[in-house]
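Right, one structure below, let's go through it.
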Amino acid sequence: MARTLQNFICQSCGAVSGKWAGKCEACGAWNSISEESSGGIAPVLESKRGRRIRLLPLTGEEPEAPRIQSGIGEFDRVCGGGIVPGSALLVGGDPGIGKSTLLLQIVAALARRGCRTVYISGEESVAQIRMRAKRMELSEAPVELGVETRLGNILATIEGGGEAKAPAVIIIDSIQTVMADAIDAAPGTVTQLRASTQELVRAAKRSGCAVIMVGHVTKDGQIAGPRVIEHMVDTVLYFEGDRGHQFRILRGVKNRFGPTDEIGVFEMTGMGLQQVENPSALFLAGRKEHVSGSAVFAGIEGTRPVLVEIQALVAPSSLGTPRRAVVGWDSGRLAMVLAVLDARCGLTLGASDVYLNVAGGLRISEPAADLAVAAALVSSYTGVPVRASSVVFGEISLSGEIRPVTQTEARLKEAAKLGFTRAMTPAGIIPLPAAISLDEIPLLARLVEDFQEQAESRNG
Ligand code: TYD
Ligand code: MG
């Protein structure tokens with residue numbers, strides 16, 4: 001007979017241990033371990049001998065997966081061209097960032113296109129959802145609305161039966177509110193999340209209904225209870241942005257049916273989210289030209305070039321350990337750029353506070369931004385503005401050389417489209433768009449010298 005085991009599970013990282021502890025050994029979180037019965041995840045010893053699997057060659061004719069398109073281009077592109085029937089999507093994000101708003105707009109758009117869509121909420125009442133729909137002028141869209149938290153009832157709705165057909169798309173807002181009766185744990189715990197997600201994914205595959213789950217992110221930026229459900233779903237999208245800014249970015253971090261790292265840009269308005277079709281223009285809007293400490297980085301997000309302004313401020317510090325504050329970039333990477341400036345170019349910022357900001361609330365992870373960051377820092381330090389007509393990109397190596405980066409052509413085309421005429425980057429760009437001339441920067445020291453010379457000729 002199977003023994004029911006009591007497990008101690010960290011609610012932050014999902015690590016399982018045999019005993020309770022104040023601190024999780026795996027992720028270091030305090031007070032995150034709670035006792036849960038092992039439910040469906042206890043190891044099962046196979047008693048019967050299995051059958052041999054019929055193995056197949058890699059080649060074979062498989063039809064291209066059909067896609068359900070919402071017509072909201074920014075969303076469809078992040079999904080890899082639309083929602084795949086029978087797939088499971090997870091949309092994560094901070095509470096209040098706009099996940100429910102986005103998904104309500106998507107189901108309404110799908111419903112208007114004649115697709116049967118169901119929206120199940122465990123967080124809001126029917127009246128609240130109707131009020132929001134009315135404000136966004138979506139009330140007449142034939143979305144079917146339900147308020148439910150019991151897993152069994154949701155599964156029955158997905159699978160249809162009787163005269164009810166399975167819906168094409170169902171939204172579960174949010175997965176943290178779903179509760180499987182059979183499992184003796186509170187909703188939102190790792191055990192509940194795992195079990196509910198597993199059942200929902202299975203129901204999606206069986207019925208062909210695409211399931212979109214909303215997951216709130218915990219304060220450390222992981223989908224609640226963590227990564228524990230990311231591996232079960234086909235597609236993981238994060239909805240991010242700064243609550244202080246109106247821009248919201250939908251980022252694909254995993255996609256079994258398309259490219260990842262694709263972004264969709266939205267703007268939160270009084271009437272819900274609006275698509276932003278030309279994000280570069282938006283990120284550069286309000287940029288002050290001829291101000292020191294600012295450089296325009298020509299980046300690539302997914303398949304799309306995006307220009308953003310990188311701002312830096314270098315100020316004398318009154319602290320023993322000067323401040324390093326970074327928004328929208330990796331602070332480890334900033335430390336590296338500062339170290340290379342110091343060791344290879346003789347520019348020591350060790351006694352200065354350094355602030356770095358990517359304008360507009362975008363988060364950049366490309367190493368290609370190194371040179372733009374360095375340019376903004378050196379510009380702020382010397383007080384010499386970067387040419388307003390220039391875009392900057394290139395990766396800095398520890399030796400102080402600038403390395404060329406991928407997709408230079410796409411970056412330069414986007415820059416030309418937005419009226420830029422110069423590019424600061426390492427050499428070797430063929431073909432160069434006619435509108436752009438190149439300022440070759442093979443070494444970081446060259447950039448520093450250029451700025452210092454300009455500063456001297458201004459002063460002298
Ligand atoms: P919501 O979709 O409820 O967030 P989530 O589901 O991610 O928790 O969005 C909440 C925020 O969005 C709220 O602060 C108000 C704002 N909002 C607008 O600015 N305009 C709108 O039209 C709507 C519906 C919401
Ligand atoms: Mg919500």
Worksheet item: Near LYS48, which aspartates and glutamates are there with a Cα under 12 Å away, not counting those fewer than 8 places off in the same chain?
Response: none
Discussion item. Suppose we keep just the alpha-carbon trace of the stretch 73-277; what are its Rg and Dmax in angstrom?
Written reply: 15.7, 49
Fill in: Highest-first arrangement of 369-378, 175-184, where packing means the average Cβ count within 10 Å
369-378, 175-184
Item to complete: May I ask you to list the lysines whose Cα is less than 29 Å away from that of LYS134, ignoring any residue fewer than eight positions away on the same chain?
Response: LYS99, LYS165
Practice prompt. Take each of the peptides 298-306, 347-355, average the number of other beta-carbon atoms within 10 Å over its residues, and list them starting from the highest.
Written response: 298-306, 347-355
Worksheet item: How would HIS245, HIS231, HIS290 rank on accessible area, largest to smallest, probe 1.4 Å?
Response: HIS290, HIS231, HIS245
Worksheet item: To the nearest 10 square angstrom, how much accessible area does GLU409 have with a 1.4 angstrom probe?
Response: 90
Item to complete: Using only Cα atoms, find the angle between the long axis of helix 444-459 and the longest principal axis of the chain, and express it within 0 to 90 degrees, rounded to the nearest 10.
Response: 50
Discussion item. Between 0 and 90 degrees, rounded to the nearest ten: what's the tilt of helix 408-417 against the longest Cα principal axis of the chain?
Written reply: 80
Item to complete: Under 14 Å from the Cβ of ARG132, count the other residues' Cβ atoms, weight Lys and Arg +1, Asp and Glu -1, and hand me the total.
Response: 0
Discussion item. Please compute the contact order of the stretch 360-460 in relative form: average sequence separation of alpha-carbon pairs under 8 Å and at least six residues apart, divided by the residue count, as a percent.
Written reply: 27
Worksheet item: Separation of the stretch 227-247 and the stretch 358-419 by C-alpha centroid, Å?
Response: 27
Worksheet item: Once the whole set of protein chains is in place, how much accessible area is left on ASP234, using a 1.4 Å probe, in Å² to the nearest 10?
Response: 10
Worksheet item: Tell me which lysines have Cα within less than 27 Å of LYS288's Cα, excluding those fewer than 8 residues away on the same chain?
Response: LYS413, LYS417
Practice prompt. Please work out whether the stretch 307-460 counts as rounded, prolate or oblate from its C-alpha gyration tensor, where a ≥ b ≥ c are the square roots of the eigenvalues and a/c under 1.5 means rounded, while otherwise a/b larger than b/c means prolate and anything else oblate?
Written response: prolate
Worksheet, complete the sentence: Magnitude of the Cβ-charge dipole (Lys and Arg +1, Asp and Glu -1) of the stretch 233-374 about the Cα centre, nearest 20 debye, reported as 200
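Using r as the Cβ-Cβ distance of GLU124 and LEU58, and R0 as 51 Å, what FRET efficiency do you calculate, to the nearest 0.05? Walk me through the numbers before you get to the answer.
Numbers: r = 47 Å, r/R0 = 0.91.
Here the calculated transfer efficiency is 0.65.
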Worksheet entry | Degrees, to the nearest 10: 331-345 long Cα axis against longest axis of the chain | 20
Worksheet item: Got a sec? What order do TYR381, TYR238 fall in by accessible area at 1.4 Å, biggest, i.e. largest, first?
Response: TYR381, TYR238
Fill in: Relative contact order (%) - the chain, alpha-carbon pairs under 8 angstrom, separation at least six
12
Practice prompt. Using only the Cα atoms, work out Rg/Rh for the chain, with Rh taken as the Kirkwood radius, to two decimals.
Written response: 1.04
Response to the item:
Here FRET efficiency (C-beta to C-beta, LEU319 to GLU163, R₀ 51 Å, nearest 0.05) is 0.10
Worksheet entry | Extreme residue, positive dipole direction of the stretch 346-460, given options SER457, ILE441, LEU412 (C-beta unit charges) | LEU412
Item to complete: Describe numerically, in nm with one decimal, the distance between label points set 7 Å from Cα along Cα→Cβ at SER17 and at ALA343.
Response: 3.7
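The values are calculated or read from the model by the stated rules, or taken from the named source; none is laboratory data. Fair warning: this is a prediction, and the values are worked out from it, not measured in the lab. Cβ atoms come from the backbone with ideal geometry, glycine included; neighbour counts cover every protein chain shown. Side chains are part of the model used for accessible areas, which takes the heavy atoms of the whole protein and leaves out ligands, DNA and RNA. Shrake-Rupley method; radii C 1.70, N 1.55, O 1.52, S 1.80 Å.
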